[in-house]
Amino acid sequence: MTIDKIGIIGAGQMGNGIAHVVALAGYDVALNDLSKDRVEAALATINGNLSRQVGAQKISEEDMKSALARITYAEDMDALSECDLVIEAAVEDEDIKRKIFAELCPALKPEAVIATNTSSISITRLAASTDRPERFIGMHFMNPVPVMELVEMIRGIATEDVTFSEAREFVKSLGKTVAVAEDFPAFMVNRILLPMINEAVYTLYEGVGNVEAIDTAMKLGARHPMGPLELADFIGLDTCLSVMQVLYEGLADSKYRPCPLLVKYVEAGWLGRKTSRGFYDYRGDAPIPTR
Ligand SMILES: NC(=O)c1ccc[n+]([C@@H]2O[C@H](COP(=O)([O-])OP(=O)(O)OC[C@H]3O[C@@H](n4cnc5c(N)ncnc54)[C@H](O)[C@@H]3O)[C@@H](O)[C@H]2O)c1
């Protein structure tokens, strides 16, 4: 099957990034969210991000104009009926994703592929909630999508080889590099990254170092571009906690237990950059460590 027309469900930070790279690669994109306002907000973000790429001479004005012209608003699932591939990038909530698939499947062509951008939910379980587990796949883009080169691809137990190879060719055509993961909790990137961040929070919790010392240690001692606590604030502490819970419950191993200090920050609503406070306080001119 040739993949020409792409549907994207969810126009948040990941959905708008995916729409951006897919349209720039020359595909027609139908973008759906709960309301037209959200899709318009996503288009404004895409416009701003494409303009920055024009400013940096990475793409031409013409590329930007034609990419924007390829993205249309999909009001409902019927507007996705012509799509060859639909990428679901709605909130990380299994019930919501299942509801979306229940509405989507009857509208789609039988051969259309469904991909999910979930960071942690079982691909096999999500696939089983659709009418096409063999045409279902995990396609895990990284944030921010226009910048990050990797896409993790995850087969469910029933995913057919032909689905996998079509999806892999599509991802390669976006200029991204594929890393193949098996369908286990948090796949590869988050399975490795989040326990490191959780360990950094334990290091803080046990008083081995303060926020600044821990981040400096990992930036200068391990050549990480961002310290683990700074990175946790960037990802969102609620997201970090939810991935640790998925690992802890999914693998039933105490080594993944979320640090009580991470739980406390989330309970306080100190979720990192998005709430202006986390391991750093972002309300002033420069971030100030909160411990
Ligand atoms: N944020 C990250 O760093 C990151 C990285 C990789 C993968 N992901 C995954 O990508 C997905 C989206 O995450 P995000 O960070 O973009 O979240 P987000 O909150 O920025 O966006 C989610 C969007 O989904 C929309 N939505 C909710 N219910 C919907 C429905 N029924 N139909 C259509 N749209 C609906 C919301 O209105 C919102 O615009 C999640 O599965 C998440 O785990 C996130």
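Can you tell me which residue is farthest from the ligand (Cβ to nearest atom) among those in region 1-35 that are over 14 Å from residue 88 (Cα atoms) and charged (D, E, K, R)?
If we filter region 1-35 for residues that are over 14 Å from residue 88 (Cα atoms), which is where we start, we get 1-5, 20-21, 23-28, 35.
Still in the running and charged (D, E, K, R): 4-5, 28.
On the way: 4: 22, 5: 18, 28: 19 Å.
My answer is 4.
Just name the residue that is nearest to the chain's Cα centre (by Cα) out of those in region 75-112 that are under 30 Å from residue 238 (Cα atoms) and small (Gly, Ala, Ser).
Residue satisfying both the conditions and the ranking: 89.
Given region 217-272, what helices (runs of 4 or more DSSP H) lie entirely inside it while holding 3 or more residues that are within 16 Å of the ligand (Cβ to nearest atom) and touching a strand residue (DSSP E or B) at 6+ places or on another chain (Cβ under 9 Å)? Show your work before the answer.
On the way: elements: 228-235, 237-251, 260-267.
Result: 228-235, 237-251.
Return yes or no: is residue 150 touching a residue at least 60 places away in the same chain (Cβ under 8 Å) and closer than 17 Å to residue 22 by Cβ?
Details: touching a residue at least 60 places away in the same chain (Cβ under 8 Å): no; closer than 17 Å to residue 22 by Cβ: yes.
It is false that residue 150 is touching a residue at least 60 places away in the same chain (Cβ under 8 Å) and closer than 17 Å to residue 22 by Cβ.
Please work out if residue 70 is surrounded by 13 or more Cβ atoms within 10 Å (Cβ to Cβ), more than 16 Å from the ligand (Cβ to nearest atom) and not aromatic (Phe, Trp, Tyr).
Working: surrounded by 13 or more Cβ atoms within 10 Å (Cβ to Cβ): yes; more than 16 Å from the ligand (Cβ to nearest atom): yes; not aromatic (Phe, Trp, Tyr): yes.
It is true that residue 70 is surrounded by 13 or more Cβ atoms within 10 Å (Cβ to Cβ), more than 16 Å from the ligand (Cβ to nearest atom) and not aromatic (Phe, Trp, Tyr).
Looking at region 179-195 only, could you name the residues that are surrounded by 15 or more Cβ atoms within 10 Å (Cβ to Cβ), hydrophobic (A, V, I, L, M, F, W, C) and in a helix (DSSP H, G or I)?
189, 193, 194
Any idea which of (1) without any contact (Cβ under 8 Å) to a residue 40 or more places away in the chain; (2) more than 9 Å from the ligand (Cβ to nearest atom); (3) over 17 Å from the mean Cα position of the chain (by Cα) is the one residue 38 doesn't satisfy?
(2)
Based on what the data block shows, is residue 43 within 13 Å of the ligand (Cβ to nearest atom) and not in a helix (DSSP H, G or I)? Step through it out loud before you land on a result.
Working: within 13 Å of the ligand (Cβ to nearest atom): yes; not in a helix (DSSP H, G or I): no.
Taking the combined requirement at face value, the residue does not satisfy it.
Which residue pairs have Cβ atoms closer than 7 Å, lie 6 or more positions apart in sequence or on different chains, and pair a first residue in region 77-94 that is over 30 Å from residue 244 (Cβ atoms) with a second residue that is near the ligand (Cβ under 10 Å from one of its atoms) and part of a loop (DSSP other than H, G, I, E, B)?
Matching pairs, first to second residue: 80/74.
Can you tell me how many residues within region 114-154 are under 11 Å from the mean Cα position of the chain (by Cα) and of a type in the set (Ser, Thr, Tyr)?
Looking only at that region, the number is 4.
Confirm whether residue 271 is under 28 Å from residue 121 (Cβ atoms) and in contact with an Asp or Glu (Cβ under 6 Å, 6 or more places away or on another chain).
It is true that residue 271 is under 28 Å from residue 121 (Cβ atoms) and in contact with an Asp or Glu (Cβ under 6 Å, 6 or more places away or on another chain).
Quick grid of which residues meet (1) within 20 Å of residue 170 (Cα to Cα); (2) crowded, with 23+ Cβ neighbours inside 10 Å; (3) in the same structural domain as residue 234 (by TED's automatic domain parsing):
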{"site": "85", "(1), (2), (3)": "yes, yes, no"}
{"site": "92", "(1), (2), (3)": "no, no, no"}
{"site": "96", "(1), (2), (3)": "no, no, no"}
{"site": "114", "(1), (2), (3)": "yes, yes, no"}
{"site": "131", "(1), (2), (3)": "no, no, no"}
{"site": "144", "(1), (2), (3)": "yes, no, no"}
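Among the listed residues 39, 29, which satisfies the condition of being surrounded by 19 or more Cβ atoms within 10 Å (Cβ to Cβ), assigned by TED's automatic domain parsing to the domain that holds residue 136, β-branched (Val, Ile, Thr) and touching a Lys or Arg at 6+ places or on another chain (Cβ under 7 Å)? Before you say what the answer is, go through the steps one by one.
Values: 39 fails: touching a Lys or Arg at 6+ places or on another chain (Cβ under 7 Å).
After ruling out the rest, the residue left standing is 29.
The values are calculated or read from the model by the stated rules, or taken from the named source; none is laboratory data. Only a predicted model underlies this, so the values are computations on that prediction, with no experimental measurement involved. All Cβ positions, even for glycine, are placed from backbone atoms using ideal geometry, and neighbour counts span all protein chains on display.
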